[in-house]
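The values are calculated or read from the model by the stated rules, or taken from the named source; none is laboratory data. Predicted, not measured: the structure shown is a model, and the values here were computed from it. Glycine also receives a Cβ, built like all others from the backbone with ideal geometry; neighbour counts cover every protein chain displayed. The area values use the complete protein model at the heavy-atom level, side chains included, leaving out ligands, DNA and RNA. Shrake-Rupley method; radii C 1.70, N 1.55, O 1.52, S 1.80 Å.
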Amino acid sequence: MWYLLLILYAASKQLHSIEEPKLILKNGAGPCDGSIAIFHDNVWGTVGTQKWNRTNEDVICKSLSCGTSKGSEDYYYSSNINNDIDVLMNEVECNGTEKRLWDCKFPGWKATYDKSLKTKKITCSDKIAFKLESVHDCVGPVKYIKTSIINPKVNTSGYLCHTNWGKRQADIVCKNLHCGESKRLLSPGMFSGRDRNAESKTIQCRNDEVNLWQCEPKDDETCTDHVSVMCTGHLNLRLKGKSNVCAGLLEIEDDKGLWNPVCQSKNSTQILSLTPANICKNLGCGTHLSESPITCGNGNVSLECTDRIRTVLLDRNNVESKCFGSVYFNISSGGKYTTEAVCDEGWNTDVGDIVCKELQCGELVSFRSGNPIRNGKHRKVDCQNSETSLWHCLARHYDTSVERKAAYVICSGSVDARLSDGPGRCAGRVEIKYENTWKSVKSSNWKSRNSKVLCNTLKCGSDADVTDLFIQRKSPIMTKELICNKNPPLISKCIGENDKTSTLGGNQMLVCLEHKVMFLMGNSSCSGTVGIAQNSQSYWLSNDTWHHTTATVVCQQMHCGNATKATSVPVDSASAKMSWWTKSYNCSSTEKSLFECEQSNSTGQSMAYVECSGNKTVGLKGGEKCWGKVDVCIQGKCGGVCLDAWDRHRSNILCEELGCGTANYPLYNQTKSNGVFISSIHIPQVGIKLSQSNMVTNDDSYCQDKPAYVFCSASVKAKLHDKRDRCSGNLQLFDQGDWRIVCKEALQEQNVKDIICKELGCGEAEALIPFISSSSVTNEKFVVSQLACEDQNLSLSECKVTTQKLQNIKNQCTPSGLRCSAWNRMFLDKGGGACNGQVLMYENNHIIAVSSDDWTETEAEVLCKSLGCGGYKRHWVPEDPGDINTWWTKTVNCTRTPTATRIWDCDINDVVPGKTPLRVECDDVFDMQKGVCHGTVKLNDMEVCAENWDANNAQIICSGRQCGRSIDYRKTKKSSGKSQLLVSCHGFESSLEQCKTENVTCDEVISVSCTDAVQFNFTEKCGGKMVVSYGEAQKSVCPLKNLEGVAEMLCEEMKCGTPIRIETNTKSKPTSGMPTIKCGKGVQLKSCINTLPCETAFPGELYCSDYVPPKIPWDPTGLIVGLSLTAFALVMIIIFVFLRQRFVTRFKSRFSKRKVSAFESGDYEDVDDIETDRMSGSIEMRDKKQHEMAGDEENGRQSVASSQSYDDVEEERIVTEPLTSGRDGTGSPVPEAGSDAFNEHVTYEVEEDSQECYDDILSETREEVADVHPRPKSVDLQLLDDDYLEPDGLG
């Protein structure tokens, strides 16, 4: 449905377009002269002359942009009465304001009858002419010129816009200018010389015009691109030469776009009429010295114009480059040299190809924008692919002040490829020469099919597996994408336009099938038979063309100096397993490689043998024999090998050559150092030495700080580090050139520990011990995380060592020490402390004496250092031999190691010692703090860390300080930020000073309590809860149930008699951590304290016979509290009475405002003091009493009262108000009464029995009526026995 609507819409638009009228002048001298023809309703017709006037003609000229009418005449368009030309308009009457003729008044289209066969031929005041504005014929921008016939000096000009332009429009121009048809449509704005102040018009043609001015030209101020035309009548010439486009053979382009010498052209006559100067000028090449016409006397015409023009490429520094760069014209004219840039506008691959071919640089690889330029004179270059020079292409040749960019091309002639840093041209690191720079290619920018193309380009066969190593080398990176589609002949065809987004990864390496490596097979590094390895196969070289010069090339290629002997040897049994090389070489003295020499086929009868003058060695340097930096020496010059081209295979070969086992991998200790001499060593598959292999020397600064290191398995060794002990201490493994901590997790297998101890000559492994070090373990970078030894392994070198970064396994590595069965320690005892006494040895769980034989001041000084006792003071043989009869069967000799810090670093010799004891005194004295039986443990005023502390250590400290035994030890915070001591005891030590110590930093230290710090007490005199203290706050003691003996000891200890009662205080708060007292017979009570848990959480009580109950002293606290409460109650009563009084006052105030009945006299007084302090009755009872006292007669008075009840009436208290009476003896006022008459003679009787209590105060009010009675006689008040008030006479 929508499709049909679109068709209808397009049809309606087409109909509308067809129906649009159009008027032209034809059969005249131009578009502004001729007879009238009009188009309407898809039919051409004419305009009749009936009622014609001059104004009509002015409207026509104006609508055609031809000015005004200069005049007209009748025009008879046919004499045939049957002519089918319709008169579409007639009787037209214009007033001059109309834009078009059909805007004027007329009867209608085809509305009149006219057979006159005539119309008007009009000549307008303006004349229109077209031209192609160029120095060349039949080519250039289309320009119109409008000239006034009336005043020829008045004219305007302009150009046609590119809008609505096509081949038909171009054909009209060429035909009107007698230039044939249009040859090609040129780019908008082509050519120079455009009048920038001229008009611009857009045309709209209907395909039936014969002149472009008939296409309804309209002004267009926004137009910037004007049309240009090249017609077939244009003679396109060029000079075909070499670098100078203004000299060479004169050629012309034919209709088919082919170029031919002018003398062979059909237009040769026209061309030969031109002078060389005109031709040079038309070619933009200046002029020519000759003004004579050219001739074809020699068959061809060659010219050399005065200007010299070359196409050149400039790099980023504006230096002329070869086959890449920004495109310029180098122009030499009149002795002046200028360089004009070619802009990148409209640039395409066809234009770039022309530049590359012109410069003999192969094909275009890529083009882009180049250097920023101003005043570029060659824009929007338009080529046809047949040009031999960019100068022959069309372009805009005019200056512009707008900054633009020059066109930049890269031709295949600037692109090259090679394999670098290999032993030959067919293997190595891939490099592409791009923009005159050799660039490495990353593996991420390389496809497998690229390898085949590159190997073919290098004439190295196809690609092979990369089994060799080459250095990476730092160099510029090829960022353009490399993709070889199919099998292009050149690597330049694989370079894409896009940049590779990622340049990560290593450089691409490549080995081609034709890659060959030479080596020597002999007893030394620079002599032997010549071998050649290719594609994993090894061959021996035949001696067919072997001579001294060829042998010298071989020696020099192998870095072995010159040949001293060149001969042949028969094929031996080892070489017989290899094939011979099918080529023989004949070298001169200029070749650098055997494979560059002249080749011929070989017979393979005998092998070529050479002896060279030089020598090569490969070893390890900087460490020991079996580890260090790989070191190569060639004729006295030594250096390392680049790590890039070194691997485990080469390390294994070197370790085997050195007799050091196999190589340890992976490597962690690749120390940077200078002096890399060799880039790579290339080893054939046969078993030859590294020194006999082909080497590539490193001739620049790359890899100078990245030498290869090798650590052979034989370099692995262990040590147990401890200042005092032998065969016990912190375990460290020497691996990859460094001593490394061993994780406890790596020592779980017994055979691993046994191998370590046996290799150290320490027997078998006994136990893992804590690692004690003054430095932080976290500073270690690498640790040994795994040790795997097979049962048949005899040494650590045969075990697998795994080293890891500590930060990666920090929570999975506990540094460990190891103690072997041959462990022993030398110490001083039986003297003035750990630094003064007899020299003893702990060995095999026994303490033995060390003989004084061969001991000198040197050995004694080393022992003092080993014990941490400072310098040597003296040594001597005591008179008393002591009570130790077992002697150490070795002696110590430190003469070769006088600077040793461990006695075990000296020579230990087996002897039969004498039985003379040895005593040594050192400078330092440990502060043993004897008698200090509780508190933080200190040695020489240094706190001891809680780490590695145990109950055995606590017993040693208490015993050494003569404080009995240890009761308890606990961790506490260190008191200062200075360093602390880490202590490790074995158990045989008599004092803590004899234990191993190390200065460390820790957060928690240890506090110990010994039995001599214990004190006992009761909470009461000779009884109560038992408490004990040992240097800190008192603690309750566990109950002494079933411990009567302990109770007796306690009462006796406290001098309180004998125990009379043992209890458990279950009323007190449960307590945890209470010590227990348990004693055997004859044991001091202090030694009975221990920290065993109690059976109950309640403390024990003991009462001895001398127990004195505590006196209860008078305590005024109760009295003070009672008085305070009483005072508080009185204050509250006063406050209550005060508040109640205020309430009563407010109540009476509200009651007085009530509406009451008027008395007879009309006067009344407020009732005052009617209510008692205690509401004992209601208002109703009061009124009733009044009525009874007044009698039964009503006196006509009425009263209104309100009755309320209260819930706070006190029952204990009765208050009577004063009673008053009137003059008549009644309680009623009389007319003569004054203001107090209302209260006079009124008596209230309140009976306690009649009182009622009310729970609530009634919220409602009610009106009470008071009975009025005759006034009774006066009654006196009397107080009855029961304290009731009663009126007199009522008895």
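Numerical summary
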item: Residue order for MET558, MET509 - accessible surface, 1.4 angstrom probe, largest first; result: MET509, MET558
item: 18 Å Cα-Cα threshold exceeded, pairs from LYS242/LYS357; LYS621/LYS805; LYS70/LYS201; LYS890/LYS915; result: LYS621/LYS805; LYS70/LYS201
item: Charge dipole magnitude, Cβ of K and R +1, D and E -1 - the range 621-763, Cα centre, debye nearest 20; result: 400
item: Selection from ALA576, CYS555, GLY604, by position along the positive dipole direction of the range 548-617 (Cβ); result: ALA576
item: Per residue, in Å², the accessible surface of the range 43-170 once ligands and nucleic acids are set aside, probe 1.4 Å; result: 51
item: Greater than 20 Å apart at Cα, pairs in LYS433/LYS486; LYS723/LYS865; LYS1025/LYS1111; LYS26/LYS51; LYS452/LYS486; result: LYS433/LYS486; LYS26/LYS51
item: Calculated from backbone phi, Karplus (6.51, -1.76, 1.60) coupling profile of the range 586-591 in Hz, x at Gly/Pro; result: 10, 9, 9, 8, 9, 6
item: Accessible-area ranking of ARG100, ARG740, largest first, probe 1.4 Å; result: ARG100, ARG740
item: For VAL87, distant residues with modelled amide H under 5 Å away; result: THR46
item: Listed residues HIS234, HIS548, HIS559 arranged by accessible area, highest first, probe 1.4 Å; result: HIS548, HIS559, HIS234
item: Extreme residue, positive dipole direction of the range 389-447, given options SER420, ILE410, HIS397 (C-beta unit charges); result: SER420
item: Inter-label distance, nm, simple model (7 Å from Cα along the C-beta direction), ASN260/GLU879; result: 14.3
item: Sequence-distant residues sharing a close amide H with GLN980 (under 5 Å, placed H); result: VAL1000, THR1001, CYS1002
item: For GLU591, distant residues with modelled amide H under 5 Å away; result: none
item: Spatial separation of Cα centroids for the range 1075-1148 and the range 795-828, in angstrom; result: 64
item: The range 1040-1097: trypsin sites (Lys or Arg not before Pro) in DSSP loop, at most 13 other beta carbons within 10 Å; result: LYS1041, LYS1055, LYS1067, LYS1081
item: Hz values of 3J(HN,Hα) by residue in the range 470-482 - Karplus curve (6.51, -1.76, 1.60), Gly and Pro given as x; result: 9, 6, 6, 6, 7, 7, x, 9, 6, 8, 5, 5, 10
item: Extension gain, LYS672 back to LYS336 (0.36 nm per residue minus Cα-Cα distance, nm); result: 115.1 nm
item: Accessible area (Å², 1.4 Å probe, nearest 10) - LYS805; result: 80
item: Carbon + sulfur, % of accessible area of the range 278-360 - ligands and nucleic acids excluded, 1.4 Å; result: 44
item: Förster radius 41 Å - calculated FRET efficiency between ILE477 and LYS242, Cβ distance, rounded to 0.05; result: 0.65
item: Carbon plus sulfur fraction of accessible area for the range 548-686, probe 1.4 Å, in percent; result: 47
item: Among THR671, THR697, ILE653 the positive-end extreme of the charge dipole of the range 568-707 (Cβ point charges); result: THR671
item: Whole-Hz ³J(HN,Hα) from phi, Karplus 6.51 cos²θ - 1.76 cosθ + 1.60, for the range 717-727, glycine and proline x; result: 8, 10, 8, 10, 9, 7, 5, 9, 9, 10, 6
